[in-house]
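Presented below is the structure to which this report refers.
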2 protein chains.
Amino acid sequence: MDMEELVAFAKRRGLFWPSAEIYGGAAGTYDYGDVGALLKRNWENAWLAYFVDTNPDYHLIEGAGILPEAPLVFSGHAAKFNDIVVECSKCNTFYRADILLRDSGVAVSEGAGPAEIDKALKEHQVKCPHCKSTAWMPSKPFNMMMDVGLGPERSIKGYLRPETAQSAYLNFFREFNVLRKSLPLGLAIIGRAFRNEISPRQGLYRMRELVQAELQIFFDPEIWKVDFKGISGREVRVRLYGKTADETITLGELVERHGIPEFYAYHMGLIDTFYRDVIGVPSEKLRFLEKGGNEKAFYNKVHMDIEVYVESWGGFSEVAGLHYRGDYDLTQHSKGSKQDHSVLVNGKKVMPNVLELSFGVDRNVWMLVDVFYAKTDGRSVLQIKPFLAPFKAAIFSLQKEPELEKAVDGIYKELRPHLKLFLDQSGSIGRRYARMDEIGTPFCITVDYDTVNKDSPDYGTVTVRSRDDRKQVRLKTSEVLDYIKKATSFDPYGFFSFG
Amino acid sequence: MDMEELVAFAKRRGLFWPSAEIYGGAAGTYDYGDVGALLKRNWENAWLAYFVDTNPDYHLIEGAGILPEAPLVFSGHAAKFNDIVVECSKCNTFYRADILLRDSGVAVSEGAGPAEIDKALKEHQVKCPHCKSTAWMPSKPFNMMMDVGLGPERSIKGYLRPETAQSAYLNFFREFNVLRKSLPLGLAIIGRAFRNEISPRQGLYRMRELVQAELQIFFDPEIWKVDFKGISGREVRVRLYGKTADETITLGELVERHGIPEFYAYHMGLIDTFYRDVIGVPSEKLRFLEKGGNEKAFYNKVHMDIEVYVESWGGFSEVAGLHYRGDYDLTQHSKGSKQDHSVLVNGKKVMPNVLELSFGVDRNVWMLVDVFYAKTDGRSVLQIKPFLAPFKAAIFSLQKEPELEKAVDGIYKELRPHLKLFLDQSGSIGRRYARMDEIGTPFCITVDYDTVNKDSPDYGTVTVRSRDDRKQVRLKTSEVLDYIKKATSFDPYGFFSFG
């Protein structure tokens, strides 16, 4: 699907659309409809089960979206969370400089400053996409945080957090003391972050309000032991910093030949397994992209984007990041809060380092639709893994007959405490199947005359149709629950060797 | 517990504390720690299972927190979402007028305007709590919404939504068309709302950023049929508008004698059952408080608060509301969006009415701690229902011995895909039990020498201790999962007769 088709599909089937759509839609904010909210929730629950619940030292917490000014001064966001913007001298339209240049076919380094930008605009005679002028005001940094005024005079400055990570760093000290006072300690947050994007675009890719799923692991780099041996032979696709081609390389080689720390490579394996094996992204559509130089935040010691090939976004696109942030965060908040965050572990004082696993939830939801929506044999099927499916099964009656509908109702009531179901008594069977295929429902249960006919050998049975192969099996109603539960549940331990 | 004790307990046990605590804490925003996040999540999941998943016409959706200005102009919030504030002439401290007066022992009607407030301040010679002056500036309305400036010049005005309800109203039109184009249609949201409270206080009671769980039911008042017969005999405690005492009255009598619509009384029964039977709030601690006159929003046709007696807040306190909002919301958004929201149902054109079930999630979490924390036989126990418990079980080894710890590890790995567990290898058994009692863990599983001793008749068994009666049973490890799952799972259908 291209961008436009995907947007139309998402609206038609209840996935997502711009907020306040009836008022023309807001730029950069999206709402999830009934189907989208379930898909998003299932992705989040799988993320949580796989990355957090598998480790007794990792915990989900929740933090407010509004933060006071001080922590964002010390985190560096107040001074440095900037994009470079440039204004057309003629029509006064603003642009994010890097995007303007990229869209005009001009290459500048990621993280380029105003001087480099201004030079590139001039040298390449870049035109304003709006009025075609080539006269630009000097470009300048623009802080992407949104501020709010609190209190009766709105004079207390607050910011909407630009990343959920800060809520985790601000709670490390309390949680370390509440918990077992040992490292590693993981704090996970699924929540909203806010960025005043100049040009929100590409649907759920660049948003002003986004949902992040982030895990911050606090650890002592000298003694953190991960079980690397089991995973070191796994091959991953990586584009290393400064290279122009991807290579396929084992995690062990990344450690030995490229100086990637073992704990970092281990988590590459964890993430690679999540995308390829858990979610089912085809190998050729996944890669790690190493960032270096100006491209990465200065405090990151190792920084890779995780990219999936998303056709509607035009190619490989960032859906997650793995960042070894060193001790920057807790050192800064130690200064800012005047509370020493170094901790005593095994008699040694250490400022915990941070490894950040950061996922854009909205991007991942969009990616699922892009990668798994397929047109096959004249059908449109969202071929997501069954545990991600918004509804695990739909229940229909073959005909609009009170007796059949009563049987549907009985089965529905029996199953509904255990499975998320779609109940639909209207339309033709063919149309109902098509609808369920399109939103990825793995099974359709149909009640027919045999179900209720005491003289039929099929009395008390229903047909259960599978989404992908369209095969139908006839099952006793008492067998349906186990059959569907088994095929749609999620066990994170089947994929990776967790400690 | 009083306020101070509850706050201290919440910090000590990982429940909640002010955001950015290490920087001195922000006023009116709170973070949830590892235990609090699980408790909150379990409450939310129970709410969702009981109020939303029980009805195939009700759906969870999700909406952005930032909204454009226009919908909030038409919803009335831009003009009318005001508190009356008053400023001390001498020290320039601001107060929310109704709270200042109440704290000074002066009664004014809820919703009193500036004239009434100024008169009361003067007549009763109310003193500034800060400087003791009695000289006040004229009181004035203060809009409680927080605004944000979007775009490169921050000139595009947005608001942080003051209630999640608006996201539901803004999505009705799309969802009605995506779904079966029939009424009733329910849209539920669990999400954050933002209010610039002048005096945030009382912990999770009056917050600047709060979490709401709201269900908006869109219906045609002439034809909505609820199954009232089964519930009409249920007695509820109500303080009717204008009365000074509570009365216990059946839902049927409320309909017949007090003109409460049947669909409204039915939902009172649903909510009453949720609090008393599902959550387990003692009957004497729950009541409905009817609002009328200036106390209720002008568009509400029937408005009741649901109050629980919360000792740390000093008495009956609002935890939820049931609001029959008429057709105000969709009529206004029809005007604002120029999109007629009336729909054709059974050949009749109707502007859907709204019944709103609105719950303050943070308040409900606080309430759980206040109501269910008990000191008995020298123990402190959070006696919440097992399905609400952050951890369903803890696993300990009796002694710090490699063989026992290996057995603990084996059981832990067997159970963890199915139950949220607390794993603790440190401290005395007594201290570990005490900690689990305090955060409401229903079961503690202990591995001892008999567990691993092949010659013992108890080989392969563990002790399972119950939180409330402290009784221990000896179970085979293979029986533990079923035993605990049965006791800690939640089936909403056991409480109320759903259609």
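Some observations on this one:
- Charged neighbours of B:K385, selected by a Cβ distance under 13 Å, balance to 0 (K, R count +1; D, E count -1).
- Cut-off 19 Å (backbone N to label point 7 Å along Cα→Cβ of A:K140), residues of region B:156-175: B:156
- Sulfur and carbon atoms: percent of accessible area, chain B [1.4 Å]: 48
- Here the Karplus curve 6.51 cos²θ - 1.76 cosθ + 1.60, taken at θ = phi - 60°, turns the phi angles of region B:219-234 into couplings of 8, 9, x, 7, 10, 5, 9, 10, 8, 6, 3, x, 10, 4, x, 5 Hz, with x standing for Gly and Pro.
- Contact order normalised by residue count of chain A, Cα under 8 Å, 6+ apart, percent: 13
- A 1.4 Å probe run over the protein assembly as shown, with the rest of the protein chains in place, finds 39 Å² accessible per residue.
- Under-5 Å amide H pairs with B:R195, H placed in peptide plane, nonlocal only: B:E209, B:L210
- Amide hydrogen neighbours beyond the local backbone of A:F316, cut-off 5 Å, H modeled: A:V310
- Here is how far apart the A:H124 label points are across copies: 6.8 nm, shortest first, using a point 7 Å from Cα toward Cβ.
- Neighbour net charge for A:E69 - beta-carbon separation under 11 angstrom, K R +1, D E -1: 0
- Sequence of B:R257, B:R432 from largest to smallest accessible area, 1.4 Å probe: B:R257, B:R432
- Remark on A:S89: its backbone amide H falls under 5 Å from those of A:A135, A:W136, A:M137, a criterion applied only to residues 5 or more positions apart or on other chains, H modelled at 1.01 Å from N.
- Sites A:S428 and B:K132 - FRET efficiency at Förster radius 60 Å, r taken between beta-carbons, to 0.05: 0.20
- By the rule of a second cysteine Cβ within less than 4.7 angstrom, chain B holds isolated cysteines at B:C444.
- Considering only beta bridges that DSSP places wholly inside the protein assembly as shown, some 85 percent are antiparallel.
- Coupling constants for region B:474-490 follow from the phi torsions by the Karplus curve (6.51 cos²θ - 1.76 cosθ + 1.60, θ = phi - 60°), and in residue order they are 9, 10, 5, 4, 5, 8, 4, 4, 4, 4, 6, 4, 4, 7, 10, 7, 10 Hz; glycine and proline get x.
- Too-long pairs where the Cα-Cα distance tops 25 Å, listed order kept, from A:K348/B:K413; A:K301/B:K40; A:K420/B:K301; A:K181/B:K420: A:K348/B:K413; A:K301/B:K40; A:K420/B:K301
- Share, in percent, of DSSP beta bridges within chain A that are antiparallel, nearest 5: 85
- The C-alpha atoms of chain A define a longest principal axis, and helix A:165-178 lies at about 80 degrees to it.
- Rounded to 10°, Cα long-axis angle of helix B:361-372 versus longest principal axis of chain B: 50
- Cβ-vector label at 7 Å, A:N453, separations to other copies in nm: 6.6
- With a 1.4 angstrom probe, the accessible area lost at the B-A interface totals about 7100 Å².
- Global form of region B:89-186, assessed from the alpha-carbon gyration tensor, a/c cut-off 1.5: oblate
- Helix A:3-12 axis, angle to chain A major axis (alpha carbon atoms, nearest 10°): 50
- Net dipole in debye of the protein assembly as shown [+1 Lys, Arg Cβ; -1 Asp, Glu Cβ; about Cα centre; nearest 20]: 840
- C-alpha center-to-center spacing [region B:223-252, region B:355-422] in angstrom: 35
- Copies compared at A:H418 - label distances in nm, ascending, label defined 7 Å from Cα in the Cβ direction: 1.4
- When the other protein chains are added to the chain by itself, burial of at least 40 square angstrom of heavy-atom accessible area (probe 1.4 Å, ligands and nucleic acids ignored) affects these residues of region A:207-224: A:R208, A:E209.
The values are calculated or read from the model by the stated rules, or taken from the named source; none is laboratory data. Just so you know, these numbers come straight off a predicted model, no measurement behind them. Cβ: placed from backbone, ideal geometry, glycine included. Neighbour counts: every protein chain shown. Side chains are part of the model used for accessible areas, which takes the heavy atoms of the whole protein and leaves out ligands, DNA and RNA. Shrake-Rupley method; radii C 1.70, N 1.55, O 1.52, S 1.80 Å.
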